[in-house]
Amino acid sequence: MHARSPIPLGDDASLLVLTGAGVSAESGVPTFRDANGLWEKYPVVRVASPEGFAADPALVWRFYSQRRARAKGVVPNAGHVAIAEVERRLGERFLLVTQNVDGLHRQAGSARMVEMHGNLFRTRCSRCARPPFEDATVYADGTVPTCDACGAFLRPDIVWFGEMIATDDMARIEAFVNRATTSGPLTFVAAGTSGVVYPAAGMVNAVRARGADTWLVNAEPANNASQFAHFVEGKSGEVLPVLLGGRGSR
Ligand code: BV8
Ligand code: ZN
């Protein structure tokens, strides 16, 4: 199905958007599982897991430093902009949950947002309670930064495989869905995600069980495409401005 008109959203309707790496693809950020994907060069378990970090922190910092260096030159695309615009129209009846760590949604103006897998430009201590801090440093090959409070290795403030999503992030999503489904209809739009990684990939089932209308916008049928009521095949940078009622639909 191809989007020709915006998703109808009544005055009491809420919108929950979930994005994955595909939404940043048109900005030039490689996705995880496409042919030239990031994971080709680095097996996930070695660069995006606590075990991998314990085994070779320098390799992990090389992986994330390379992504910081690549992300510095990229800008949001029309898909990010459409999501920020519909947030301005809906206000507190809108929430964005992103799996992306590239910071492009914030650059596009998104504010009502949960970065459920963390952020590439934040670093935290792997041991003490020192709060995470903004950090765009591209560490020189082989460097592993250490905490000046406790001396332990610093790590990217990112949720790795096998790690829990932050409890307050999950609580915020849950609270939004509860309020949205008691005050009116909820529409869920997932864009640019292969539907492989949980708990993000399970969101469609959770919201459908609460009566939400569910849309998938993706370049190909995602793993969990059958869970969605509507599937719009296409590029998020072209489809979202139409589907979310941005400029593209006038
Ligand atoms: C958890 C940070 C509880 C890293 C990421 C065994 C042991 C341990 C855990 C598990 C296990 N088996 C299963 C699990 C659970 C695991 C999981 O789901 N694994 C998968 C691989 C099976 N999940 C977890 O571990 C999560 N935590 O479950 O805690 C727990 C605890 C212990 C034990 C069990 C359970 C934590 C998951 C978070 C991992 N961190 N990111 C980093 O970013 O460096 S996930 C990583 O994948 C990214 O965040 C990325 O966003 C995410 C998902 O990928 P996608 O975003 O979907 O990107 P992808 O490339 O896959 O797809 C892009 C899509 O876009 C494609 O379909 C493409 O066609 C499309 N596309 C391309 N261009 C466009 C487009 N679409 C539209 N327009 C375009 N232009
Ligand atoms: Zn520390």
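The values are calculated or read from the model by the stated rules, or taken from the named source; none is laboratory data. Not measured: the values here are computed from a predicted model. Positions of Cβ are generated from backbone atoms using ideal geometry, with glycine treated the same way; all protein chains shown enter the neighbour counts.
Evaluated against (1) touching a residue at least 40 places away in the same chain (Cβ under 8 Å); (2) on the phi < 0 side of the Ramachandran plot, G162 falls short on exactly one condition, (2). Residue-level check: of (1) at pLDDT 95 or above; (2) buried (at least 16 other Cβ atoms within 10 Å of the Cβ), A55 misses just (2).
Would you mention how many residues in region 119-146 are of a type in the set (A, V, I, L, M, F, W, C), away from ligand 1 (no atom under 16 Å from the Cβ) and modelled with pLDDT of 95 or more? Qualifying residue count for the region: 5. On inspection, D157 qualifies as touching a Gly at 6+ places or on another chain (Cβ under 6 Å) and within 13 Å of ligand 1 (Cβ to nearest atom).
S183 fails exactly one of the following numbered conditions: (1) buried (at least 20 other Cβ atoms within 10 Å of the Cβ); (2) more than 16 Å from V86 (Cβ to Cβ). What is the number of that condition? So S183 meets the others, but not (1). Residues of region 191-250 being small (G, A, S) and not in a loop (DSSP other than H, G, I, E, B), which ones? Once the filter is applied, which keeps residues that are small (G, A, S) and not in a loop (DSSP other than H, G, I, E, B), region 191-250 yields A191, A200, A201, G202, A206, A225, S226, S236, G237, G248, S249.
Of the residues V101, V75, the single one that is at pLDDT 95 or above, aliphatic (A, V, I, L, M), under 29 Å from T143 (Cβ atoms) and surrounded by fewer than 22 Cβ atoms within 10 Å (Cβ to Cβ) is V75. Residues of region 160-172 that are within 16 Å of ligand 1 (Cβ to nearest atom) and of a type outside the set (G, A, S): W160, F161, E163, M164, I165, T167, D168, D169, M170.
Residue-wise test of (1) touching a Gly at 6+ places or on another chain (Cβ under 9 Å); (2) in the same structural domain as L18 (by TED's automatic domain parsing); (3) within 14 Å of ligand 1 (Cβ to nearest atom).
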| site | (1), (2), (3) |
| --- | --- |
| E174 | no, yes, no |
| R179 | no, yes, no |
| L186 | yes, yes, no |
| Y198 | no, yes, yes |
| A201 | yes, yes, yes |
| G211 | no, yes, no |
| A222 | yes, yes, yes |
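Based on this model, can you work out whether A149 counts as more than 16 Å from ligand 1 (Cβ to nearest atom) and buried (at least 17 other Cβ atoms within 10 Å of the Cβ)?
Numbers: more than 16 Å from ligand 1 (Cβ to nearest atom): yes; buried (at least 17 other Cβ atoms within 10 Å of the Cβ): no.
Spelling it out, it is not the case that A149 is more than 16 Å from ligand 1 (Cβ to nearest atom) and buried (at least 17 other Cβ atoms within 10 Å of the Cβ).
Filtered by the rule that a residue be within 11 Å of ligand 1 (Cβ to nearest atom) and either of a type in the set (G, A, S) or touching a strand residue (DSSP E or B) at 6+ places or on another chain (Cβ under 9 Å) (or both), region 51-62 gives G52, V60. Among all positions in region 29-38, there is at least one residue which is in a helix (DSSP H, G or I) and of a type outside the set (D, E, K, R). For region 156-181, enumerate the residues that are under 17 Å from A206 (Cβ atoms) and assigned to a loop (DSSP other than H, G, I, E, B). Result: M164, I165.
Figure legend. Inter-residue proximity from region 140-159: first residues within 14 Å of Y64 (Cβ to Cβ), second residues among the aliphatic types (A, V, I, L, M) and not in a loop (DSSP other than H, G, I, E, B), beta-carbon distance below 6 Å, spacing 6+ or different chains. Indicated pairs: G142/A58; V144/A58; P145/L154.
When only residues in region 205-217 that are in contact (Cβ under 8 Å) with a residue 60 or more places away in the chain and within 17 Å of the chain's Cα centre (by Cα) count, which is nearest to G20 (Cα to Cα)? Ranking the candidates gives V217 first.
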